[in-house]
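Written out below as structure tokens is the structure these notes cover.
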Amino acid sequence: MNKKRVCILGAGLSGISLALSQENKGKQVLIFEKDLRVGGVLESVKSNGYLMDYGANTLSVRTKKTEDFLKQHKILEYAVDANQKCSKRFIVKKNQIISLPQGPLSFLSSSFLSPLGKLRLCLEPFISRKQDNASEETMASFVERRLGKQALDYGANPFIGGVYASRPESLILKHAFPRLYETERKFGSIFWGMMRGGVQPSEKLPKSRLISFQEGMQELPKRLAEKLQTPPVLGCEIKKIEIKNNGKWSVQGETQDGKIKEELFDEVISTLPSHVLLNIEWVGIKAAHLLKTLTQTFHPPLALCFQGFNRQQIQHPLDGFGFLVPEKEKRKILGTLFSSTLFQNRAPENCALLTTFVGGERNPELCTLPESEIMELAYKENQKLLGIDGKPTFEHIKLWPKSIPIPDSTMDARIKAASALSLENKGLQILGSHINGAPLPNCMVT
Ligand SMILES: Cc1cc2nc3c(=O)[nH]c(=O)nc-3n(C[C@H](O)[C@H](O)[C@H](O)COP(=O)(O)OP(=O)(O)OC[C@H]3O[C@@H](n4cnc5c(N)ncnc54)[C@H](O)[C@@H]3O)c2cc1C
């Protein structure tokens, strides 16, 4: 019997993971990718002895599902754990970098929240669960309701700025942090939920890991792609997708030398970013208007400023993950990662690499400045906060006009549109981080 032929659009982590799972189901899979490399957002670049990640810097391995995926594809043996110091995280408060509490004792002594803010946080177990419209609640409303305004301003706000380049007011809790949402529903409180092991405790690893790879995060999709039976077709941009009368899907792409490549498939699975979907000519598909709903995904713009220094230029011990900036502090950056503390080989010996995030939903206009100005403002903020003496010895910038897809109030409609398109068009699926969620474990589909 002939194997079913499946075409996967895009060789980011989602596309490669899906291709592996489709091959496991006995299908013949071909990936089309516009770039000349695999990995999509996961791109690691070496320059002057520095190793920079343009996309995700770390992969958080918290669940058995994520660990099993990495083990199944023999990837875990190449993982490098983040420096233990990185459990320490900082925020900016009143122009100072202060460390976040790591346990109950440091919570009491920390200046992260005022005594009143701490008291309010301790009331969490006694706050009743939300009854009405809980599934539409934003992260901001949830945190303020359960933990208080200070926890929102100095906890959730900088955290969401760092993870999603967004604001807690824009994120729908159910989509952004489904476990937190379920915890309240099941246990009535975060505290009581944590005491009882949270939702699906058997799914959680006893000890979570924060990992990357010797060559940076791009090594993950690269190694996974090496396991595919048929290597991805690189440098081929999808231009047209057509459903033929016999039910086959014609996929047409344009190679980098301008040639058109066309192949027929039984199924097509897109993992393309939502904002490119309407650049493709879709012929003969039903409910095509739903593609427009998918393109409503909001991706805030973001600039990553990489700055290298001789270690002795920086007074701060850089003994942690990095620092995040609450919006209330009115600074021009979202935060800075201590990249060379996180992983060993990110900077030459006796040098330090800082990665500073600028823009996001908070300050999108900053991403339209000339690159040299963005770098300068990142430098000036770090200089004051970390005590830096002199200019960087290395500089590099990566601009993302559309960065992470935000799980906002359009997400329900987008998920419904993707599923309706599949129902209406046999053999078509629209997936990827704008539907499944941006965190890397969501992209590792099994
Ligand atoms: C700056 C940044 C930092 C992040 N940090 C973290 C983090 O620390 N931890 C974490 O868990 N997640 C993080 N993420 C999120 C995570 O990296 C992404 O959600 C994930 O890598 C997306 O993978 P994907 O395969 O779904 O999409 P993509 O990586 O976008 O892959 C889509 C692929 O489609 C290709 N393509 C586009 N158009 C066409 C076309 N017409 N024809 C053919 N191919 C096409 C693209 O070239 C790309 O290779 C971060 C994201 C960004 C942007």
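Just so it is clear, none of the values below were taken in a lab; they were calculated from the coordinates. Since the model is a prediction, treat every value here as computed from it, not as a measurement. Glycine gets a Cβ as well: all are built from the backbone with ideal geometry, and neighbour counts include every protein chain shown.
If one computes the Cα centroid of region 206-228 and of region 1-68, what distance in Å separates the two points?
10 Å
With only Lys, Arg, Asp and Glu charged, each at its Cβ (+1 for the first two, -1 for the last two), find how big the charge dipole of the chain is about the Cα centre; round to the nearest 20 debye. All intermediate terms of the calculation are to be shown ahead of the outcome.
Details: 60 positive and 46 negative charges, 235 e Å.
That gives a dipole near 1120 debye.
So what is the relative contact order of region 174-309, in percent, for Cα pairs below 8 Å that sit 6 or more residues apart?
Values: 111 pairs, mean separation 17.9, N = 136.
Relative CO of region 174-309 lands at 13 percent.
In the structure shown, do any of Lys85/Lys207; Lys93/Lys332; Lys3/Lys65; Lys65/Lys207; Lys3/Lys248; Lys149/Lys328 have a Cα-Cα gap over 22 Å, and if so which? Write out the running numbers ahead of the final one.
Values: Lys85/Lys207 16 Å; Lys93/Lys332 14 Å; Lys3/Lys65 28 Å; Lys65/Lys207 14 Å; Lys3/Lys248 14 Å; Lys149/Lys328 12 Å.
Listed pairs above 22 Å: Lys3/Lys65.
Over 38 Å apart: what share of the alpha carbon pairs of the chain falls there, rounded to a whole percent? Mind showing how you got there, number by number?
Working: 25670 of 99235 pairs.
The calculated P(r) of the chain puts 26 percent of pairs beyond 38 Å.
Modelled label-to-label distance, Asp81 and Gln256, 7 Å Cα→beta-carbon offset: nm?
For Asp81 paired with Gln256, the spin-label model returns 3.9 nm.
In debye, nearest 20: dipole of region 113-203 around its Cα centre with unit charges on the Cβ of K, R (+) and D, E (-)?
The calculation lands at about 220 debye.
Between Asn157, Ser128, Val143, whose Cα lies farthest towards the positive end of the dipole of region 115-200 when Lys and Arg beta carbons carry +1 and Asp and Glu beta carbons carry -1, centred on the Cα centre?
Ser128
Work from the charge dipole of region 188-281 (Cβ charges, +1 for Lys and Arg, -1 for Asp and Glu, about the Cα centre) and give the residue of Asn246, Ile211, Gly258 farthest towards its positive end.
Ile211
State, as an integer percentage, the relative contact order of region 113-203 based on alpha-carbon contacts under 8 Å between residues 6 or more apart.
Reported relative contact order: 31 percent.
Work out the charge dipole of region 44-133 with +1 on the Cβ of Lys and Arg and -1 on the Cβ of Asp and Glu about the Cα centre, then indicate which of His73, Thr63, Phe112 is farthest towards its positive end.
So the residue we want is Phe112.
At a threshold of 8 angstrom on Cα-Cα distance, excluding pairs fewer than six apart, so keeping six or more, what relative contact order does the chain reach in percent? Numbers along the way, then the final one.
Numbers: 907 pairs, mean separation 104.7, N = 446.
Across the chain, relative contact order equals 23 percent.
What share of the DSSP beta bridges in the chain is antiparallel, in percent to the nearest 5?
75 percent
Add -39500 (n - 2.57) for each DSSP H run of 4 or more in the chain, then divide by its residues: what number comes out at 222 nm, to the nearest 500 deg cm²/dmol?
-7500 deg cm²/dmol
Please work out the Cα center distance from region 100-171 to region 275-345, rounded to the nearest Å.
22 Å
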